[in-house]
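Step one of this worksheet: look at the structure below.
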Amino acid sequence: MEAKIKAFMDEVISRNGHEPEFIQAVQEVAETVIPYIAKHEIYNGKNILLRMVEPERLISFRVAWVDDNGDIHVNRGYRIQMNSAIGPYKGGLRFHPSVNASILKFLAFEQVFKNSLTTLPMGGGKGGSDFDPKGKSDDEVMRFCHAFMTELCRHIGPNTDVPAGDIGVGAREIGFLFGMYKKIRNEFTGVLTGKGLSWGGSKIRPEATGYGTVYFAQNMLKTRGEDIKDKDVVISGSGNVAQFAAEKVLQLGGKVLTLSDSGGYIYDADGIDEEKLAYVMDLKNNKRGRISEYVDKYPKATFHKGGSPWEVKCHIALPCATQNELDGNDAKALLENGCVCVAEGANMPSTPEAIHAFHEAKILFAPGKASNAGGVATSGLEMSQNSLRISWTREEVDERLKGIMKDIHDSCTAFGTEEDGYCNYVKGANIAGFVKVADAMLAQGVI
């Protein structure tokens, strides 16, 4: 079996050797899915996985825009349309200087499995630009978004490709993007999700990824007769996902000890309660401040410059910042400090060494394609509401989100539970996501 996996990866690397993030994502899937394929004759010889790792379409385009001083800037825009076997492409747009084809291909590949796990009819895609909205005026962001959509609009549509937000793309950016799409196409359709509530958005969409991550962790803990109540929780990041993961932990009776950004992390031994979290939300969302400013407001807390929240003693860890933020040494520190559950809120935040350590210790570990699927699940619900021209209540959407996260958890346990009773959620998520897409691809022939 190792020879089969190696032969497959050698072919992938020969085509994508300059894309480390993408190769890492494919390697994780290959190690669990190829043994499953070998045991099921229906998939043998069909090269399904090889077809899945090749994007159906990779679009790259120039984005020229004018800043407030009248100077012209040029950025690169992308849309990776990875797989549409079970529905229109669906996945976020990311505006960040780190954006390149490798990162977007890994995100699009993960999105295929994530969307499949939600049970909603959505294919996988991802896109974005190396444009950095930080430090830009609203007018500059608007001009960039309008220029970006002028090209992107010819590749998307409600039955073709439905982008959403991601890092650097929030409600402001979605509004600007939607406005230009509507003007060019002369139609009001649900071509973007994450819209404002007054013009087609879904309730709890901003909260959904963070809430869903915590709901998934709660389902994992239940398998061992535990829950989040009275548990110490460390969270990385302080953006949208981290904020709402913290909010849901507090609602379920847990204690949040940390939040972080690229400068370091804050540790509050008394816990980050609702009042303190509201301050963080205002600091990060409205004032564009740094998490270090938290200790000015709450001096009992400490700021650890350049440090990692994974060195803090906890029961539950929620990595909600970015890819590969939690390495093997971090995993060792978490395990030594009594961590029993890790649920990924970000995309691929744990390195292979960290994941291996978690599995060796047989703690509860959820990969992002399963535990952070709440965001895209609620985007799917937004698409349904747009198609039906209705709006569900906050409670209705939240209940549907809870149900979807439980269904994802149950699918993972169905395919990931091993002979000794331990559930390998990585294996379960990969196989469950693969089966639905693979069956659809087989039914549609070689296309």
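Some points to look at:
- Residue count for segment 131-145, restricted to those that are in a helix (DSSP H, G or I) and touching a residue at least 40 places away in the same chain (Cβ under 8 Å): 4
- Applying the criterion of being farther than 13 Å from Gly239 by Cβ and of a type in the set (A, V, I, L, M) to the residues of segment 278-304, the residue that is surrounded by the fewest Cβ atoms within 10 Å (Cβ to Cβ) is Ala278.
- Search result, residues across segment 414-434 that are surrounded by fewer than 18 Cβ atoms within 10 Å (Cβ to Cβ) and either in the same structural domain as His359 (by TED's automatic domain parsing) or part of a helix (DSSP H, G or I) (or both): Ala414
- Within segment 139-162, considering residues that are within 25 Å of the chain's Cα centre (by Cα) and polar (S, T, N, Q), the one nearest to Phe188 (Cα to Cα): Asn159
- Sub-6 Å Cβ pairs linking a first residue in segment 23-40 that is closer than 17 Å to His356 by Cα to a second residue that is basic (Lys, Arg), at least 6 apart or interchain, are Thr32/Lys427, ordered by first then second residue.
- Evaluation of Tyr294 against (1) out of contact with any Ser or Thr (no Cβ under 8 Å at 6 or more places or on another chain); (2) closer than 22 Å to Ala217 by Cβ; (3) in contact (Cβ under 8 Å) with a residue 24 or more places away in the chain; (4) of a type outside the set (A, V, I, L, M, F, W, C) (one fails), failing number: (2)
- Annotation: of all residues in segment 154-193 being of a type in the set (A, V, I, L, M, F, W, C) and farther than 26 Å from Gly374 by Cα, the one that is surrounded by the fewest Cβ atoms within 10 Å (Cβ to Cβ) is Ile184.
- The one condition from (1) in contact with a Lys or Arg (Cβ under 8 Å, 6 or more places away or on another chain); (2) assigned to a helix (DSSP H, G or I); (3) touching a residue at least 24 places away in the same chain (Cβ under 8 Å); (4) β-branched (Val, Ile, Thr) that Val162 does not meet is (2).
- Test result for Gly271, touching a residue at least 60 places away in the same chain (Cβ under 8 Å) and over 25 Å from Glu173 (Cα atoms): no
A quick yes/no check of all residues on (1) under 30 Å from Phe188 (Cα atoms); (2) of a type outside the set (S, T, N, Q); (3) in contact with a Lys or Arg (Cβ under 7 Å, 6 or more places away or on another chain):
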site	(1), (2), (3)
Gly374	yes, yes, no
Glu382	yes, yes, yes
Gln385	yes, no, no
Gly416	no, yes, yes
Glu419	no, yes, no
Lys436	no, yes, no
Leu442	no, yes, yes
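- Of all residues in segment 116-130, those satisfying the criterion of being more than 11 Å from Lys90 (Cβ to Cβ) and part of a loop (DSSP other than H, G, I, E, B) are Thr119, Asp130.
- From the options Gly307, Gly328, residue that is surrounded by 16 or more Cβ atoms within 10 Å (Cβ to Cβ), outside the structural domain of Pro163 (by TED's automatic domain parsing) and without any contact (Cβ under 8 Å) to a residue 60 or more places away in the chain: Gly307
- Helices (runs of 4 or more DSSP H) lying entirely in segment 1-80 (those with 3 or more residues that are assigned by TED's automatic domain parsing to the domain that holds Ser129 and at pLDDT 95 or above): none
Yes/no per residue for (1) without any contact (Cβ under 8 Å) to a residue 12 or more places away in the chain; (2) touching a His at 6+ places or on another chain (Cβ under 6 Å); (3) over 19 Å from Asp296 (Cβ atoms):
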| residue | (1), (2), (3) |
| --- | --- |
| Tyr215 | no, no, yes |
| Asp227 | no, no, yes |
| Val233 | no, no, yes |
| Leu250 | no, no, yes |
| Thr258 | no, no, no |
| Ser262 | yes, no, no |
| Tyr267 | no, no, no |
| Val280 | no, no, no |
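- The criterion of at least 2 residues that are at pLDDT below 95, within 17 Å of Gly368 (Cβ to Cβ) and of a type outside the set (Ser, Thr, Tyr) is met by none of the strands (runs of 3 or more DSSP E) falling completely within segment 240-357.
- Number of the exception - Thr213 against (1) more than 19 Å from Leu364 (Cα to Cα); (2) of a type outside the set (D, E, K, R); (3) modelled with pLDDT of 95 or more: (1)
- Filter result for Ala366 (closer than 23 Å to Gly421 by Cβ and touching an Asp or Glu at 6+ places or on another chain (Cβ under 8 Å)): yes
- Residue within segment 406-413 that is surrounded by 24 or more Cβ atoms within 10 Å (Cβ to Cβ), at pLDDT 95 or above, touching a helix residue (DSSP H, G or I) at 6+ places or on another chain (Cβ under 9 Å) and within 20 Å of Val26 (Cα to Cα) present: yes
- Among the residues of segment 191-210, those that are among the hydroxyl-bearing types (Ser, Thr, Tyr) and closer than 18 Å to Gly92 by Cα comprise Thr193, Ser202, Thr209.
The values are calculated or read from the model by the stated rules, or taken from the named source; none is laboratory data. It should be emphasised that the depicted structure is a prediction, and the values quoted were computed from it without experimental measurement. Heads up, the Cβs are rebuilt from the backbone with ideal geometry, glycines too, and the neighbour counts pull from every protein chain shown.
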